[in-house]
Amino acid sequence: MKALTFSSFGNSDVLEYIDIPNPQLKYDEILVEMKAIGLNFADVYRRKGNYHLKGNPPFIAGYEGSGIVVNTNNHSEFKIGDRVAFADVPFANAELLAVNINHVIPLPEAIDFETGASILLQGLTAHYLATDSHKTQKGETVIIHAVAGGVGQFLTQISKLLGATVIGLTSSPDKAKIAIEQGADHVFLYNDNWKAEVFKVAPKGADVVYDSIGSTLNDSFEVTKNCGQVVFFGMAGGDPEFIDPRMLMDTSKTLTGGDLWSYLTTREERIKRANQLFTWITEGKVSLATPTSFKLSEGKQAHDYLESRKSTGKIILIP
């Protein structure tokens, strides 16, 4: 089979599209023919050698995708031709993939392969942020950093669906326009005096701030109301400064960490959360922009496009 691989760490030039042996199934795995694969910044980090990576050279990145079952490996709950997706299975950048049965998410007929490969990592992240890290209530005000990104767009729509007012933060007018189209009520630019702008529309501050930037964490607390919450779930802008616990005590504010893998702990949990996303999509309550597609053989171009930060929607790879 063909796969997008790398045997050394570095820029996109290390990527190679080569023939490798087909996967050898373990007893708890089925074989899936990949139809679409989600590309994420984590794959860039793996390529550079600064993120957890399984296997041996030639390494294969990719954790998210969709496809059809081509070998059930005697697991009676599956049949040849079943449409499936997953959010957390390594070595996905290949034509064939061994998928642990506990990570398989059935893909409804109403959800195409491209959508299945586009929504799970970012959509499930937005889902737990709005329903677990902070249980969003009708009438609340939420602030979303990087609002035009993949998670930000889903989190905006889910927050609106739950009845919140959404304030988005982003880096450019073009991205602000996208955030407004996704339903954000107000969008402010990082280069402007965004904290002052926030207080003009939310004088007491926000009920919750979702911070995936990291370096903005203290700023996030400044625009959180007393008894409010900051959910820290990413470091796109670098490591955060330390938070003063005395400030937390004096203002009754809460800092919560967020990581998807703390929630996707069982097969039932994966399916339940994914089905909620699928239902929202099929009912038209949550939408996603058409993803940008590259052939799997064009992996270098796809990585370059992702790293250019010109993309606003999902990038997928098609074997």
Can you grab the distance from the C-alpha centre of region 32-64 to the C-alpha centre of region 297-319, Å, no decimals?
-> 13
For region 226-294 and region 177-209, distance of Cα centres in Å = 18
The percentage of the accessible area of region 110-254 (probe 1.4 Å, all protein chains present) made up of carbon and sulfur atoms, to the nearest whole number, is 52
For the chain, share of DSSP beta bridges that run antiparallel, in % to the nearest 5 | 55
Packing-based ranking, highest mean first, of 196-208, 69-81, 163-175 given that Cβ atoms within 10 Å are counted | 163-175, 196-208, 69-81
Put +1 on the Cβ of every Lys and Arg and -1 on every Asp and Glu Cβ in the chain; which of MET1, HIS134, SER297 then has its Cα farthest towards the positive end of the dipole?
-> HIS134
Cβ-defined net charge surrounding VAL166, 11 Å radius [Lys, Arg +1; Asp, Glu -1] = -1
Give, rounded to the nearest 20 debye, the magnitude of the charge dipole that the chain has about its Cα centre when Lys and Arg contribute +1 at Cβ and Asp and Glu contribute -1 at Cβ.
-> 300
Ranking ALA61, ILE18, THR282 by how far each Cα lies towards the positive end of the charge dipole of the chain (+1 on Lys and Arg Cβ, -1 on Asp and Glu Cβ), the top one is THR282
Links that overshoot a 19 Å alpha carbon limit, given the list LYS135/LYS253; LYS175/LYS310; LYS177/LYS295; LYS195/LYS253; LYS54/LYS314 | LYS177/LYS295; LYS54/LYS314
Per residue, what accessible area does region 119-232 have, given a 1.4 Å probe and all protein chains present, in Å²?
-> 36
Scoring only Lys, Arg, Asp and Glu (+1, +1, -1, -1) among other residues with Cβ under 13 Å from the Cβ of TYR190 yields -2
Mean Cβ-within-10 Å packing, highest first, puts peptides 187-195, 90-98 in the order 90-98, 187-195
Okay, helix-only estimate at 222 nm for the chain: each DSSP H run of n ≥ 4 adds -39500 (n - 2.57), divide by all residues, round to 500 deg cm²/dmol; what do you get?
-> -8500 deg cm²/dmol
May I ask you to list the aspartates and glutamates whose Cα is less than 13 Å away from that of LYS300, ignoring any residue fewer than eight positions away on the same chain?
-> ASP13, GLU16, ASP43
Kindly rank 234-243, 119-128, 298-307 from highest to lowest mean number of other beta carbons found within 10 Å of each residue.
-> 119-128, 298-307, 234-243
Folded to 0 to 90 degrees: helix 150-161 orientation relative to the chain principal axis, Cα = 60
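The values are calculated or read from the model by the stated rules, or taken from the named source; none is laboratory data. These numbers come from a predicted model, not from an experiment. Neighbour counts are summed over all protein chains in view; Cβ atoms, including those assigned to glycine, are modelled from backbone coordinates with ideal geometry. Accessible surface areas use protein heavy atoms only, side chains included; no ligands, DNA or RNA. Shrake-Rupley method; radii C 1.70, N 1.55, O 1.52, S 1.80 Å.
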